[in-house]
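S.K.: This is the structure I want to talk about, given as structure tokens.
The values are calculated or read from the model by the stated rules, or taken from the named source; none is laboratory data. Note that the structure is a prediction, hence the values are computed from the model and not measured. All Cβ positions, glycine included, derive from the backbone under ideal geometry; neighbour counts span all protein chains shown.
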Amino acid sequence: MLDIRFRPITLAVSLLLSSSLGMYAHQTRVYVDMVADLFHYGHVNFLRQAKEHGDYLIVGLCADEDVASYKRWPILTLEERVKSVKACPLVDEIIPGCPLCITHELIEQYKIDLVIHGDDMSEEQLAYYYAVPIRMGIFKTVPYTKAISTSEIITRVQKRSPNNITLPK
């Protein structure tokens, strides 16, 4: 006959050791979606702020066609943007071609605890793209980095004539 008198103590010690080692600790999974075209320090600042709210950062990158439907065609392809963002040490996982509107299925599939976006959208835009996480109470905004943007970089390049840009020989 199996003696189970010591099993609760063994189980308690096992759980205590494993939790102290982080094996069973719940990680807060944060999700952000972005275009990340011409990846720059404003993007990194956004990712840093998002990562401060959790342990595991998932980045959804919008498909080129989806971006073109509301903005402009990205300069970098989705594949190039994935490679750029993947190089950022703050990022744990990337979802290429993520949906424009966050769905309940996406949240369940990736076990997302919190959805974060910059505070640069109107209330109407937030309600459209983030209705599900807002309704679930798992949506938060963080300050947008105003000093730089991909659009600003594009404008800078366009303002400089080829005569003013010195290329290495």
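S.K.: Considering only strands (runs of 3 or more DSSP E) fully contained in the range 1-101, which possess at least 1 residues that are on the phi < 0 side of the Ramachandran plot, surrounded by fewer than 17 Cβ atoms within 10 Å (Cβ to Cβ) and modelled with pLDDT of 95 or more?
M.R.: 93-98
S.K.: Moving on to the next point. Given MET136, MET121, which one is in contact with a helix residue (DSSP H, G or I) (Cβ under 9 Å, 6 or more places away or on another chain) and modelled with pLDDT of 95 or more?
M.R.: Only one candidate qualifies: MET136.
S.K.: Working only within the range 129-143, note down all residues that are surrounded by fewer than 16 Cβ atoms within 10 Å (Cβ to Cβ) and either hydroxyl-bearing (Ser, Thr, Tyr) or over 16 Å from the mean Cα position of the chain (by Cα) (or both).
M.R.: Across the range 129-143, the qualifying residues are ALA131, ILE134, ARG135, MET136, GLY137, THR141.
S.K.: Now a separate question. Check the range 119-128 and report whether any residue there is surrounded by 17 or more Cβ atoms within 10 Å (Cβ to Cβ) and touching a residue at least 24 places away in the same chain (Cβ under 8 Å).
M.R.: Looking for residues that are surrounded by 17 or more Cβ atoms within 10 Å (Cβ to Cβ) and touching a residue at least 24 places away in the same chain (Cβ under 8 Å), one finds none in the range 119-128, hence no.
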